[in-house]
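What follows is a short report on a single structure.
The values are calculated or read from the model by the stated rules, or taken from the named source; none is laboratory data. Given the structure is predicted, the values throughout are model-derived calculations rather than measurements. Glycine also receives a Cβ, built like all others from the backbone with ideal geometry; neighbour counts cover every protein chain displayed. The accessibility values were calculated without ligands, DNA or RNA, using every heavy atom of the protein model including side chains. Shrake-Rupley method; radii C 1.70, N 1.55, O 1.52, S 1.80 Å.
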Amino acid sequence: MLTARNLTVTYPDGGRGVEDVSFDIESGESVALAGGNGAGKTTLLLALVGILPAKAGSVEVGGLRFSKENRVEYRRAVGLVFQNPDDMLFMPRALDDIMFGPRNLGLSETEARQRAYEVITELGIDHLAERSPLKLSGGEKRMAGLAAVLAMRPSALLLDEPTAFLDPRARRVLIRALERLPQAKLIATHDLAFAGALCSRALLLKEGRLYADGPRDDLFRDERLMDECGLEASLPIPAAGVYWR
Ligand SMILES: Nc1ncnc2c1ncn2[C@@H]1O[C@H](COP(=O)(O)OP(=O)(O)O)[C@@H](O)[C@H]1O
Ligand SMILES: [Mg+2]
């Protein structure tokens, strides 16, 4: 349902980006996107939501192939939680940031508020609604940013280094929230314990290329493979869904 086909992205200044990446993520599947700094994780996510143009190949969500013509419809179907929540939150109240997307879809004020509160309740962050995002903690900002994306009701959810700026407790709260969400997920991270808690499959990027795609346990436990990708093998990893309880 979330597909990259021979996707190549390069930056105008010659920055490497990603090259010839192909994979397909099923509905409801959670997949870790791992790789060292500069491996291409962020580039890949930005291309999957249609922010960065594909130089070659294509991206698809729910059978809809991204093009300039359908970008509005496409971006409604796939949501990206940016690495830095400050890039997503800019209104005086968190509630307004969460209502921003639904308002942009042309929903009425009442409907936009209703959608925002559905998500706020689901994530258990009612207490943040009236707060200024500027004054939220890293963990609270992360939840508000996630809420802003979920209010668009995407069918696929992409997260870029979601545990950046989080302390262990906020990390646990995020894991529990993500576990309950039905969307297909692609989670870019080098926090392998976090990825392992949510994903049973992993993609490994190395120097812009998809280096491995397979069961999390096979990949994350392979010392040579992980070392080649600038990561560290982690042994053992508990089964998805039982970590941090
Ligand atoms: N805005 C940019 N302009 C030029 N090159 C970039 C830009 N962003 C990233 N790159 C390059 O693309 C490659 C992948 O970077 P990135 O996707 O940010 O990796 P990651 O998120 O895995 O750390 C790196 O070689 C990086 O230098
Ligand atoms: Mg990155």
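How would you classify the range 1-144 from its alpha-carbon gyration tensor, with a ≥ b ≥ c the square roots of the eigenvalues: rounded for a/c under 1.5, else prolate if a/b is greater than b/c, otherwise oblate? The shape class here is prolate.
Residues whose amide H falls under 5 Å from that of residue 202, counting only those 5 or more places apart or on a different chain, are 32, 214, 216, with hydrogens built in the peptide plane. Note on the chain: lysine pairs with Cα distance below 21 Å, sequence gap of 8 or more or different chains, count 7. Counting only alpha carbon atoms, the long axis of helix 94-104 and the longest principal axis of the chain meet at about 80°.
For the range 2-228, the dipole from Cβ point charges (+1 on Lys and Arg, -1 on Asp and Glu) about the Cα centre works out to 380 debye, to the nearest 20.
Build a GNM of the chain with springs between Cα atoms under 10 Å apart, and of 55, 68, 141 the one that fluctuates most is 68. Ranking 214, 133, 159 by Cα position along the charge dipole of the range 2-228, where only Lys, Arg, Asp and Glu carry charges on their C-beta atoms, puts 133 farthest toward the positive end. Of all DSSP-defined beta bridges confined to the chain, some 50% are antiparallel rather than parallel.
Accessible surface area normalised per residue over the chain is 46 Å², counting heavy atoms of protein chains with a 1.4 Å rolling probe.
Comparing 104, 84, 37 in a Gaussian network model of the chain (Cα springs below 10 Å), the most mobile by mean-square fluctuation is 104. Ranked by solvent-accessible area (1.4 Å probe, protein heavy atoms only, all chains present), the residues 11, 211 order from largest to smallest as 211, 11. Among the GluC sites (Glu not before Pro) in the range 76-133, those placed in a DSSP loop whose Cβ has at most 13 other Cβ atoms within 10 Å are 130.
Classify the range 112-171 as rounded, prolate or oblate, taking a ≥ b ≥ c as the square roots of the eigenvalues of its Cα gyration tensor: rounded when a/c is under 1.5, otherwise prolate if a/b is larger than b/c and oblate if not. Judged from the Cα gyration tensor, the range 112-171 comes out oblate (a/c at least 1.5, b/c at or above a/b).
For the chain, the fraction of 1.4 Å probe accessible surface lying on carbon and sulfur atoms is 50 percent. For the chain, a/c is not less than 1.5, where a ≥ b ≥ c are the root eigenvalues of the C-alpha gyration tensor, and a/b does not top b/c. That puts it in the oblate class.
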